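The values are calculated or read from the model by the stated rules, or taken from the named source; none is laboratory data. Predicted model only: the values in this text are computed from it and were never measured. Positions of Cβ are generated from backbone atoms using ideal geometry, with glycine treated the same way; all protein chains shown enter the neighbour counts.
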Amino acid sequence: MPHTELVHLPRWFTASQLQPSPTAEVHDWLFINQDSLTQRLMSLSADNFSVTPLFEGWQQLRQDECAALNVAEGSEGWVREVYLRGHGEPWVFARSVSARSALEGSGLELAQLGTRSLGELLFSDQAFDRGELQACHYPAACLPAAVQAERLWARRSCFSRGTLAILVAEVFLPAFWTATQIER
């Protein structure tokens, strides 16, 4: 990804702030269902679901991520980028981040997830509270080159447990909308 100063960053909105509002079907995927997206994708794909890690490691967090995590601009954090696939096709690009200052010493080993879904982990641990869902049209420049497209819907929420916060953003790719037969 290019240096963040050269890229338009996502501008996130709550359901009541988002104008114009998406169609009812898109709104459902962005805001209504509070369950694990992994579970919904498993159901949609008739259990033909997989996770493909693209990047995992320490990196400077983007400005919008630092603001959401309540850490200083320029903070370093753990970044995990994956494709959530249905029938082998990338349906969702997910980017999860957590500030180094909060992650170290938390006992959570994000580096050990491999091809497991982070959502699986977060929803199985009752100690995590999920914050409000937000959505936006995700900037193409913030996506992997293979799936760059304009005006793709994305959602994000922050999962917290004590001082640990994990920000999870999920971008719905064109193959997902084809699979759901929903006009976006």
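Some notes on this structure:
- Checking segment 43-51 against the condition returns a match, with at least one residue being under 24 Å from residue 120 (Cα atoms), in contact (Cβ under 8 Å) with a residue 60 or more places away in the chain, among the β-branched types (Val, Ile, Thr) and not in a helix (DSSP H, G or I).
- When 55, 93 are checked against the criterion of being at pLDDT 95 or above and out of contact with any Asp or Glu (no Cβ under 6 Å at 6 or more places or on another chain), a single residue qualifies: 93.
- Any hit, segment 74-85, residues being free of Cβ contacts under 8 Å to residues at least 24 places away in the same chain and more than 14 Å from residue 168 (Cβ to Cβ): yes
- All positions within segment 55-70 that are within 17 Å of residue 10 (Cβ to Cβ) and among the hydrophobic types (A, V, I, L, M, F, W, C): 61, 66, 67, 68, 69
- Of the set (1) over 14 Å from the mean Cα position of the chain (by Cα); (2) in a strand (DSSP E or B), all apply to residue 79 but (1).
- Extreme residue, farthest from residue 135 (Cα to Cα), among residues of segment 163-178 that are surrounded by fewer than 16 Cβ atoms within 10 Å (Cβ to Cβ) and either without any contact (Cβ under 8 Å) to a residue 40 or more places away in the chain or of a type outside the set (Val, Ile, Thr) (or both): 178
- Search result, residues across segment 82-107 that are among the aliphatic types (A, V, I, L, M) and either surrounded by fewer than 15 Cβ atoms within 10 Å (Cβ to Cβ) or in a helix (DSSP H, G or I) (or both): 102, 103
- Residue identified as at pLDDT below 95 and closer than 21 Å to residue 43 by Cβ among 130, 161: 130
- Pairs are defined by a Cβ separation below 9 Å, a sequence spacing of at least 6 or placement on different chains, a first member in segment 95-117 that is in contact (Cβ under 8 Å) with a residue 60 or more places away in the chain and closer than 14 Å to residue 52 by Cα, and a second member that is part of a loop (DSSP other than H, G, I, E, B) and not acidic (Asp, Glu); the pairs so defined are 117/36.
- With respect to (1) farther than 29 Å from residue 184 by Cα; (2) modelled with pLDDT of 90 or more; (3) crowded, with 16+ Cβ neighbours inside 10 Å, the lone exception for residue 110 is condition (2).
- Selection from segment 65-81 of residues that are surrounded by fewer than 19 Cβ atoms within 10 Å (Cβ to Cβ) and of a type outside the set (A, V, I, L, M, F, W, C): 70, 73, 74, 75, 76
- Residue 159 vs. criteria touching a Gly at 6+ places or on another chain (Cβ under 9 Å) and of a type in the set (Phe, Trp, Tyr): yes
- Hey, residue 39 under 16 Å from residue 134 (Cα atoms) and surrounded by fewer than 18 Cβ atoms within 10 Å (Cβ to Cβ) or not: no
- Filter result (of a type in the set (Asp, Glu) and part of a loop (DSSP other than H, G, I, E, B)) within segment 114-133: 125, 132
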